[in-house]
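Below you'll find the structure, written out as structure tokens, and then a few comments.
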Amino acid sequence: MRYPILIEEGSDNAAFGVVVPDLPGCFSAGDTLDEAMEAAREAAAAWIDAALDAGVDIPAPSRLADARSLPGYEGWSVGIIELDPALFDDSIERVNITLPKRVLRRLDDLAAARHQSRGAFIAELTMHKR
């Protein structure tokens with residue numbers, strides 16, 4: 001999926017600033033244009049991940065012409081970041097993992113104490129704030 005970005009050009013004394021206007025509050029910066037673009041991709045991925053965790057709908061990308069005409073960004077360049085569609089995929093996937101029996105037993109005991117399945121417990125562990 002491609003999202004338009006707005007880029008404020010950097011200088012010797014200031015970083016490049018990047019805003020993803022379709023994702024409210026999503027912005028980043030970098031000392032070079034390449035660093036700023038990569039930081040924008042990372043910020044957008046984190047924004048989408050947090051929104052999915054919170055049950056918030058992910059806005060569709062706007063048209064470049066719409067991004068170009070946003071008030072307050074006169075003189076900024078317009079670009080595109082491409083996001084991996086897997087970021088938006090909340091479908092269930094079966095996985096096979098290998099663990100020592102003692103670790104698996106401990107995992108199952110912890111899950112049982114929370115009245116959860118093994119899979120639900122693992123998912124909960126990974127969804128906690130980092």
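In region 4-17, what count of residues is obtained for those that are more than 9 Å from Trp76 (Cα to Cα) and in a strand (DSSP E or B)? Number of matching residues: 4. Among residues that are out of contact with any Ser or Thr (no Cβ under 7 Å at 6 or more places or on another chain), surrounded by 11 or more Cβ atoms within 10 Å (Cβ to Cβ) and β-branched (Val, Ile, Thr), Ile97 is not included. Cβ-Cβ distances below 7 Å connect the following pairs, each with a first residue in region 38-57 that is in the same structural domain as Ser28 (by TED's automatic domain parsing), a second residue that is at pLDDT below 90 and of a type in the set (Asp, Glu), and a separation of six or more residues or different chains: Leu52/Asp90. Looking only at region 14-27, which residues are surrounded by 21 or more Cβ atoms within 10 Å (Cβ to Cβ) and more than 14 Å from Ile48 (Cβ to Cβ)? Result: Phe16, Val18, Val19. Count of region 30-69 residues, restricted to those that are aliphatic (A, V, I, L, M) and farther than 29 Å from Asp90 by Cα, is 2. The numbered conditions (1) at positive phi; (2) of a type outside the set (D, E, K, R); (3) outside the structural domain of Ala15 (by TED's automatic domain parsing) are all true for Leu99 except (1). Pairs are defined by a Cβ separation below 6 Å, a sequence spacing of at least 6 or placement on different chains, a first member in region 99-114 that is at pLDDT 95 or above, and a second member that is surrounded by 11 or more Cβ atoms within 10 Å (Cβ to Cβ); no pair meets this definition.
Listed here are the residues, each with its yes/no results for (1) at negative phi; (2) surrounded by 12 or more Cβ atoms within 10 Å (Cβ to Cβ); (3) assigned to a strand (DSSP E or B).
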site: Leu52; (1), (2), (3): yes, yes, no
site: Asp66; (1), (2), (3): yes, yes, no
site: Gly72; (1), (2), (3): no, no, no
site: Gly75; (1), (2), (3): no, no, no
site: Val78; (1), (2), (3): yes, yes, yes
site: Glu93; (1), (2), (3): yes, no, no
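Comparison of Leu87, Leu52, Leu64, Leu125 shows that the only residue that is closer than 30 Å to Glu9 by Cα, aliphatic (A, V, I, L, M) and modelled with pLDDT under 90 is Leu87.
The values are calculated or read from the model by the stated rules, or taken from the named source; none is laboratory data. Only a predicted model underlies this, so the values are computations on that prediction, with no experimental measurement involved. When we count neighbours, we look across all protein chains shown, and the Cβ atoms used for this are built from the backbone with ideal geometry, even at glycine.
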